[in-house]
Amino acid sequence: MMRRAQIKGWGKYLPEKIVTNHDLARFVDTSDEWITERTGIKERRQRGEGETTTSMAVAAAHDALAVAGITPADLNLIIVANSSPDYLLPSPANFIQHALGATCPAFTIAAGCSGWVYGLTTAHQFIQTGAYTNVLVIGVEIISYALDYTDRTTCVLFGDAAAAVVLQPATDGSGVLTFELGSDGSQAHNLWVPGGGTVNPVSQSVVDNREHYIRMNGQEVARFAMRKLLSCLQNITAQAGMTPADLDLIIPHQANLRIIEMAARHLDLPMDKFFVNVHKYANTSAASIPLALVEAIEQGRIKPGDTIGMVAFGSGLSWAGAVMQVGVREPTLASVNGNGHAKVTI
Ligand SMILES: CC(C)(COP(=O)(O)OP(=O)(O)OC[C@H]1O[C@@H](n2cnc3c(N)ncnc32)[C@H](O)[C@@H]1OP(=O)(O)O)[C@@H](O)C(=O)NCCC(=O)NCCS
């Protein structure tokens, strides 16, 4: 039987600081009503004093390793999906590897909100070929550092979080069944940070013009997101000889509840087929899909033998989706508590 990447451990880390829509409305020209109506978001987390991309990633990783019953020394590879690094050089994966006390290779994937699914499928390749056995895939973002809190069209949409998964080979036919990765660079400027790179290096004028912050053409991104959520879901399920209706749970990128509701309507599927936590955490970019996956496991929404579909979309503009079948012998799926600290191991 073919080797496929299977989830064997999972963990998450959420900063304690909660920023509600009402909190934002105190200093930005917005309202709880507008944000709730247009996005479904009620609150988001924001990193606190001393919390870094590395510290949040490491906390999530420790829980994932504990659930998998392995140590950092057992890891063959660490993949970090991130677009909000502690430093521009080296990449966050190196800091995280060192902080974990691991000695394996580590690299970062910068594919915006699609990054973690890019990481999952990359890990799957290494596992399928037999090159690696224990791969840690982390999605982590402190996206709040790149938000312009004078721009109401972006600052209300995002939150900080980390989540991590340990992947190991399954040979019982379960694991990653299909995937699709995509990029449409012609739309790069619809969601970007215009300053701070080689074309427009950090300068006083970059800072004065607030070009070191995220800028987004919301309507174009929403159109793209809608199109890709539907087509990617259809493509990855068709590859698996299924339709979206055959999935036990769909984990869409948590950017906007309206986008998820539109997808459900177009596919004629009930909303309870879709996992939703965007109201609690907003869009946590590369952490969004793994965070939703971990919460779905914790809440018992994913059961042994289930088939799940994940679809992400985001800056690039990029998209990425995968269908996974949970192993029938994964009896300890609901084994972590509220903030992702492992109580038991497999
Ligand atoms: C951002 C988004 C919610 C905006 O919703 P929308 O219905 O398209 O709103 P519009 O951009 O047309 O703006 C409508 C009005 O609301 C205003 N508005 C925008 N943000 C606002 C806010 N936070 N509070 C109050 N008003 C706001 C706009 O200024 C505009 O006002 P105007 O008509 O006076 O110019 C929506 O475009 C979206 O979800 N886009 C995708 C975003 C996304 O998912 N990005 C991440 C992808 S990974």
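Surface analysis of the chain yields an accessible area of 40 Å² per residue, using protein heavy atoms and a 1.4 Å probe.
For the chain, a Gaussian network of Cα nodes joined below 10 Å ranks 234, 97, 254 by mean-square fluctuation, and the top entry is 234. A Gaussian network model of the chain, with springs between Cα atoms under 10 Å, assigns the largest mean-square fluctuation among 17, 42, 228 to 17. Dipole size of segment 4-172 about its Cα centre, with +1 on Lys/Arg Cβ and -1 on Asp/Glu Cβ: approximately 400 debye, rounded to the nearest 20.
For the residue pairs 17/228; 228/303; 8/42; 12/42; 8/273; 12/280, the C-alpha atoms sit more than 25 angstrom apart in 17/228; 228/303; 8/42. Taking a point 7 Å out from the Cα of residue 189 in the direction of its Cβ, the residues of segment 196-226 whose backbone N falls within less than 18 Å of it are 196-201, 206, 209-222, 224. To put it simply, the accessible area of segment 176-325 at a 1.4 Å probe is 51 percent carbon and sulfur.
For the pair segment 159-225 / segment 107-148, the C-alpha centres are spaced 12 Å from each other. Charge dipole (Cα centre; +1 on Lys/Arg Cβ, -1 on Asp/Glu Cβ; no other charges) of segment 176-325 amounts to roughly 220 debye. Working from label points 7 Å from Cα in the Cα-to-Cβ sense, the residue 27 to residue 172 distance is 5.1 nm. Only beta bridges with both residues in the chain are counted; by DSSP, about 70 percent of them are antiparallel.
Placing +1 on the Cβ of every Lys and Arg and -1 on the Cβ of every Asp and Glu, with nothing else charged, gives the chain a dipole about its Cα centre of roughly 420 debye.
Residue separation of residue 129 and residue 153 scaled by 0.36 nm, minus their Cα-Cα distance, works out to 4.2 nm of gained length.
Mean-square fluctuations from a GNM of the chain, with a 10 angstrom spring cutoff on Cα atoms, peak among 282, 102, 164 at 102. Long hydrophobic helices in the chain: the complete DSSP H runs spanning 24 Å or more by Cα along their own axis with mean Kyte-Doolittle hydropathy of at least -0.5 are 218-239.
Here the calculated FRET efficiency for residue 205 and residue 265, from their Cβ-Cβ distance with R0 = 45 Å, stands at 0.50, rounded to the nearest 0.05.
Excluding the sites themselves, what is the longest stretch of the chain that contains no GluC sites (Glu not before Pro) in a DSSP loop with at most 10 other C-beta atoms within 10 Å? The reported range is 50-346.
The values are calculated or read from the model by the stated rules, or taken from the named source; none is laboratory data. Just so we're clear, the structure is a prediction, and the values are computed from it rather than from any experiment. Every residue, glycine among them, receives a Cβ derived from its backbone with ideal geometry; neighbour counts consider all protein chains shown. All accessible areas refer to the heavy atoms of the entire protein, side chains included, with ligands and DNA or RNA removed. Shrake-Rupley method; radii C 1.70, N 1.55, O 1.52, S 1.80 Å.
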